[in-house]
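Working notes for the structure below.
The values are calculated or read from the model by the stated rules, or taken from the named source; none is laboratory data. From a predicted model like this one, the values you see are computed outputs, not experimental measurements. Don't worry about glycine lacking a Cβ; one is built from the backbone with ideal geometry, like all the others, and counts go over all protein chains shown. To get the accessible areas, we keep the full protein, side chains included, count just its heavy atoms, and leave off ligands, DNA and RNA. Shrake-Rupley method; radii C 1.70, N 1.55, O 1.52, S 1.80 Å.
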Amino acid sequence: VQLQACGGGLVQAGGSLTLSCAASGSISRINVMGWYRQAPGKQRDLVATIGSGANTNYADSVKGRFTISRDNAKNAVYLQINSLKPEDTAVYYCALNQFSGMYWGQGTPVTVSS
């Protein structure tokens, strides 16, 4: 399984971004896709996840600003990020969790300037 993420960049505080991630390979119909982020010098933390049945879970810090969605036909997951804050600066990783294991994308950096 391979995941390719894109959509990161430099944005001003208050702005918006949409991150995309496409998975390929042997993908189970039943899986959970998600986004994690790692700020400089910090551990990688959960941002949001979405199951193949579209059930979602968000970190408290992003509720109301971030929206996760997926397209099962494309094996893709998206993260709409609104009202960006400088503390959202991090490398964002997409992930897929299925019976055969947990898989990670290469990360896409998001930098929010104040």
Failed condition for Y93, given (1) over 11 Å from the mean Cα position of the chain (by Cα); (2) open to solvent by less than 50 Å² (accessible area, probe 1.4 Å); (3) within 20 Å of I27 (Cβ to Cβ): (1)
Residues located in segment 38-55, provided they are at pLDDT 95 or above and under 16 Å from C21 (Cα atoms): L46, V47, A48, T49, I50, G51
Residue check for W104: touching a residue at least 40 places away in the same chain (Cβ under 8 Å), open to solvent by 60 Å² or more (accessible area, probe 1.4 Å) and either among the aliphatic types (A, V, I, L, M) or under 16 Å from C6 (Cβ atoms) (or both): yes
Strands (runs of 3 or more DSSP E) wholly inside segment 1-65 that include at least 2 residues being exposed (fewer than 13 other Cβ atoms within 10 Å of the Cβ) and not β-branched (V, I, T): 9-12
Some residue of segment 73-94 being part of a helix (DSSP H, G or I), over 17 Å from Q2 (Cβ atoms) and of a type in the set (G, A, S): yes
Count of segment 1-22 residues which are out of contact with any Phe, Trp or Tyr (no Cβ under 9 Å at 6 or more places or on another chain) and of a type outside the set (A, V, I, L, M, F, W, C): 6
Pairs where the first residue, in segment 38-52, is more than 14 Å from K63 (Cα to Cα) and the second is outside any loop (DSSP other than H, G, I, E, B) and among the acidic types (D, E), C-beta under 8 Å, 6+ apart: Q38/D45; A39/E87
